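A.B. asks: Once you've had a glance at the structure underneath, I'll fire off some questions.
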Amino acid sequence: DWDFWVDWKDGRFWVTVVPIVSVAYPAAAQAFFWEKFRLPFGATLVTLGVLAGEWANRYFNFVGFTYFPINFVWPTILLPMALFLDAMLAISKSYGLTAVMGGLMYGLLMYPANWPLLSAFHVPAEYNGVVMSLADIMGYQYVRTGTPEYIRMIEKGTLRTFGKDVVPVSAFFSA
């Protein structure tokens, strides 16, 4: 769920959960392609496949059936991290260095790689006397089933959407 909705792509859980969950398949494909064929593009190949499936899922299920806008349900862009993972393996030719440095950069690059898409939704706006981000307003307007209001944290006046010092700490722990 942390990857589906723009209002949940926050600086705490999304930065931590998504890289940890998404690195497993690229690492496995990278090991397979390197062992069998000595080709350092396994992570990129499987990431392109995952992203194609995610875009199809988001378009047909969320936009086509439930009529959510596509800019509310876009998937996390994982390609820059997979490219770095493959480049690390191609340069070092070492599983250990790729696991340590490539895995570290996989976690650390996720937020900067997605920031150009996400920054438009972090703009503060006043809505009914409360200062919220546009993502929070979208989450408030497009009510989802099974999403109680206590999960959606709309903090009054704190502008939590600017991240402050939470993003680097979360990215480090995901790495």
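The values are calculated or read from the model by the stated rules, or taken from the named source; none is laboratory data. No experiment lies behind these values; they were computed from the predicted model shown. Glycine gets a Cβ as well: all are built from the backbone with ideal geometry, and neighbour counts include every protein chain shown. Keep in mind that these areas ignore ligands, DNA and RNA; they rest on the heavy atoms of the full protein, side chains included. Shrake-Rupley method; radii C 1.70, N 1.55, O 1.52, S 1.80 Å.
A.B. asks: Which of the residues that make up the stretch 58-78 are within 16 Å of the chain's Cα centre (by Cα), open to solvent by less than 50 Å² (accessible area, probe 1.4 Å) and hydrophobic (A, V, I, L, M, F, W, C)?
C.D. replies: Those that are within 16 Å of the chain's Cα centre (by Cα), open to solvent by less than 50 Å² (accessible area, probe 1.4 Å) and hydrophobic (A, V, I, L, M, F, W, C): PHE72, VAL73, TRP74, ILE77, LEU78.
A.B. asks: Next question, about the same structure. Conditions first: (1) open to solvent by 50 Å² or more (accessible area, probe 1.4 Å); (2) within 25 Å of ALA29 (Cβ to Cβ). VAL143 passes all but one, so which condition is the exception?
C.D. replies: (2)
A.B. asks: Another question about this same structure. Kindly provide the set of residues from the stretch 66-125 that are part of a helix (DSSP H, G or I) and polar (S, T, N, Q), ordered by number.
C.D. replies: Passing the criteria: ASN71, SER92, THR98, ASN114, SER119.
A.B. asks: May I ask you to verify whether ALA99 is farther than 16 Å from ASP10 by Cα, out of contact with any Cys (no Cβ under 9 Å at 6 or more places or on another chain), open to solvent by 40 Å² or more (accessible area, probe 1.4 Å) and at pLDDT 90 or above?
C.D. replies: Yes.
A.B. asks: OK, next. One residue is enough: does the stretch 41-57 have a residue meeting the conditions in contact with a helix residue (DSSP H, G or I) (Cβ under 7 Å, 6 or more places away or on another chain), more than 24 Å from ILE137 (Cα to Cα) and part of a loop (DSSP other than H, G, I, E, B)?
C.D. replies: Within the stretch 41-57 (the criterion being in contact with a helix residue (DSSP H, G or I) (Cβ under 7 Å, 6 or more places away or on another chain), more than 24 Å from ILE137 (Cα to Cα) and part of a loop (DSSP other than H, G, I, E, B)), the answer is yes, since at least one residue qualifies.
A.B. asks: Going by what's in this entry, would ARG38 be described as open to solvent by less than 20 Å² (accessible area, probe 1.4 Å) and farther than 26 Å from PHE172 by Cβ?
C.D. replies: It is false that ARG38 is open to solvent by less than 20 Å² (accessible area, probe 1.4 Å) and farther than 26 Å from PHE172 by Cβ.
A.B. asks: Name, by its number, the condition in (1) among the hydroxyl-bearing types (Ser, Thr, Tyr); (2) under 12 Å from the mean Cα position of the chain (by Cα); (3) surrounded by fewer than 16 Cβ atoms within 10 Å (Cβ to Cβ) that does not hold for TYR111.
C.D. replies: So the condition that TYR111 fails would be (3).
A.B. asks: Return the pairs, sorted by first residue and then second, in which the second residue is in a helix (DSSP H, G or I) and open to solvent by less than 40 Å² (accessible area, probe 1.4 Å), the first residue lies in the stretch 61-73 and is modelled with pLDDT under 90, the beta carbons are less than 6 Å apart, and the residues are 6+ apart or on different chains.
C.D. replies: Listed pairs, sorted by first residue: PHE68/PHE62; PHE72/VAL6; PHE72/MET138.
A.B. asks: Let me ask something else about it. Does the stretch 1-35 hold any residues that are under 20 Å from PHE172 (Cα atoms) and aliphatic (A, V, I, L, M), and which are they?
C.D. replies: The answer is VAL15, VAL17, VAL18, ILE20, VAL21, VAL23, ALA24, ALA27.
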